[in-house]
1. I'd like the FRET efficiency for residue 66 and residue 89, computed as 1/(1 + (r/R0)^6) with the beta carbon distance as r and R0 of 22 Å, rounded to 0.05.
2. For residue 105, enumerate residues with amide H under 5 Å from its amide H, sequence gap 5+ or separate chain, H modeled in the peptide plane.
3. Report ³J(HN,Hα) in whole Hz for each residue of segment 100-115, in order, from the Karplus equation J = 6.51 cos²θ - 1.76 cosθ + 1.60 where θ = phi - 60°; Gly and Pro get x.
4. So for the pair residue 101, residue 51, with labels modelled 7 Å out along Cα→Cβ, what separation do we get in nm?
5. Give me, ordered by chain and number, the residues 5 or more places off residue 71 or on other chains with an amide H under 5 Å from its own placed amide H.
6. Once both labels are modelled 7 Å past Cα along the beta-carbon direction, what's the residue 115-residue 28 spacing in nm?
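Derivation of every value follows stated rules applied to the coordinates shown; laboratory data play no part. Worth saying up front: this structure is predicted, and the values here are computed from it rather than measured. Cβ atoms come from the backbone with ideal geometry, glycine included; neighbour counts cover every protein chain shown.
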Amino acid sequence: MKERGTVTVFADPEATAAGVASLFAERDRWVAEVFVDAAAGAGTTAAGEDLWRVTLTAPFINTAPIVVFVVTGLAKASVAREVVEGPYDPDRLPAQLIWPTHGGLRWYFDESAATHLTRRET
């Protein structure tokens with residue numbers, strides 16, 4: 001019997017709820033190469049540099065036994081509501097691609113990030 005491995009994923013806490021973990025609307029590969037030019041990388045670790053990077057994709061993250069989103073701050077409240085309660089639009093909101101195939105999905109919001117949510121559990 002083949003034992004299923006575990007995957008640990010760390011997301012950038014500065015990312016928006018829609019753009020967490022550098023997700024793109026990639027649906028086929030586990031990793032993707034991404035070119036970030038100096039202008040597009042402004043405000044990120046790529047600021048001021050043209051570079052290629054490798055990012056994990058939703059199919060890989062979905063192999064994790066549990067995925068946890070931690071959303072903080074008022075600046076993320078609107079997009080968080082769109083991701084969690086809005087219509088399915090993964091091309092615009094790639095965080096909606098995260099649905100672990102054999103695990104759980106948990107969302108945690110601080111009070112500010114939860115401001116626009118209509119369904120709230122404590």
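1. Values: r = 24 Å, r/R0 = 1.11.
Computed FRET efficiency for residue 66 and residue 89 comes out at 0.35.
2. HN-HN under 5 Å from residue 105: 67.
3. Running phi through 6.51 cos²θ - 1.76 cosθ + 1.60 with θ = phi - 60° gives x, 6, 9, x, x, 10, 10, 10, 10, 10, 7, 4, 5, 5, 8, 3 Hz.
4. It works out to 3.1 nm between the two label points.
5. 108, 109, 110
6. Result for the modelled spin labels: 4.1 nm.
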